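Inspection log for the structure reproduced underneath, given as structure tokens.
The values are calculated or read from the model by the stated rules, or taken from the named source; none is laboratory data. Keep in mind it's a predicted model, so treat the numbers as computed, not measured. Don't worry about glycine lacking a Cβ; one is built from the backbone with ideal geometry, like all the others, and counts go over all protein chains shown.
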Amino acid sequence: MKLKRLVCYILPLLLTIPGLKATGPEDNLYLTPQRLFHISRSVNRNLVCYDVNLVNGKLDTRKPLNVYWVNREERMGEKEGLSFFQRKMAYGYKVVSEGNNSSTVTLTAYSKRRLEVCRQGTRYVCRTTINGKPAILNYLYVKTDEHNPLSVDYVELHGRTTDTKENVTERIMN
């Protein structure tokens, strides 16, 4: 009971810290300082995490993202790499340009949206356009057809605008 009370007091405070983001209260358990964004899906609670890939404190512009699964169901918190199929068909990425300590990438599943991995202040972020506004991407939610989990109904992008820091969402229908 004391733990539950403690979580009720601390969790709201944690969510006010800039840079922390969550799709549910338990997501804070899986945040890392390197996390740029994650993908959550309607089929289960597992996350596909996209962390910045640093070498000696600088962005590896040729391989800017470290992508892996975090299990939130049967093996809580366990990390696992992507399979070849998952990288090539769904959750991988492609570097489209390299800058000075920045990279622009596209996700395998949706190459129309460019994502810029770059340093902002003391940390790295993922910039993109969400609902027509320049924004920092926090997470994506993928809603799949309940009868066919390989068929996507829509994807929602969630982030905050770069100028006013307001939350912004965009739904992309299949």
Requested in this report: Scan region 83-111 for residues that are touching a residue at least 24 places away in the same chain (Cβ under 8 Å) and in contact with a Lys or Arg (Cβ under 9 Å, 6 or more places away or on another chain) and jot them down.
Outcome: TYR93, VAL95, GLU98, ASN101, SER102, SER103, VAL105
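Take LEU137 and tell me if it is under 30 Å from VAL55 (Cβ atoms) and either at pLDDT below 95 or part of a strand (DSSP E or B) (or both). If you could, list the steps in order and put the result at the bottom.
Numbers: under 30 Å from VAL55 (Cβ atoms): yes; either at pLDDT below 95 or part of a strand (DSSP E or B) (or both): yes.
When the stated conditions are applied, LEU137 passes them.
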Query raised in the report: How many of the residues making up region 55-77 are without any contact (Cβ under 8 Å) to a residue 24 or more places away in the chain and over 15 Å from the mean Cα position of the chain (by Cα)?
Result: 7
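Just to be sure before I move on: is TYR154 among the aromatic types (Phe, Trp, Tyr) and closer than 25 Å to PRO33 by Cβ in the structure I sent?
On the way: among the aromatic types (Phe, Trp, Tyr): yes; closer than 25 Å to PRO33 by Cβ: no.
Here the answer is no, as TYR154 does not meet what is asked.
Take the residues of region 7-62 that are farther than 16 Å from SER103 by Cα and among the aromatic types (Phe, Trp, Tyr): which is modelled with the highest pLDDT?
In the first step, residues of region 7-62 are kept if they are farther than 16 Å from SER103 by Cα; the result is 7-33, 38-49, 56.
Then drop every residue that is not among the aromatic types (Phe, Trp, Tyr), which leaves 9, 30.
Numbers: TYR9: 37, TYR30: 62.
Here the answer is TYR30.
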Requested in this report: Taking CYS126 as the residue in question, decide whether it is over 13 Å from the mean Cα position of the chain (by Cα), surrounded by 13 or more Cβ atoms within 10 Å (Cβ to Cβ) and assigned to a strand (DSSP E or B).
Outcome: no
**Report entry** Pick from region 63-107, criterion surrounded by 15 or more Cβ atoms within 10 Å (Cβ to Cβ) and part of a loop (DSSP other than H, G, I, E, B), ranking: modelled with the highest pLDDT
**Finding:** PRO64
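Please find, among ASP60, ASP51, the residue that is among the acidic types (Asp, Glu), surrounded by 15 or more Cβ atoms within 10 Å (Cβ to Cβ) and over 23 Å from VAL168 (Cβ atoms). Don't jump to the end; show me each part of the working.
Working: ASP51 fails: over 23 Å from VAL168 (Cβ atoms).
The unique qualifying residue is ASP60.
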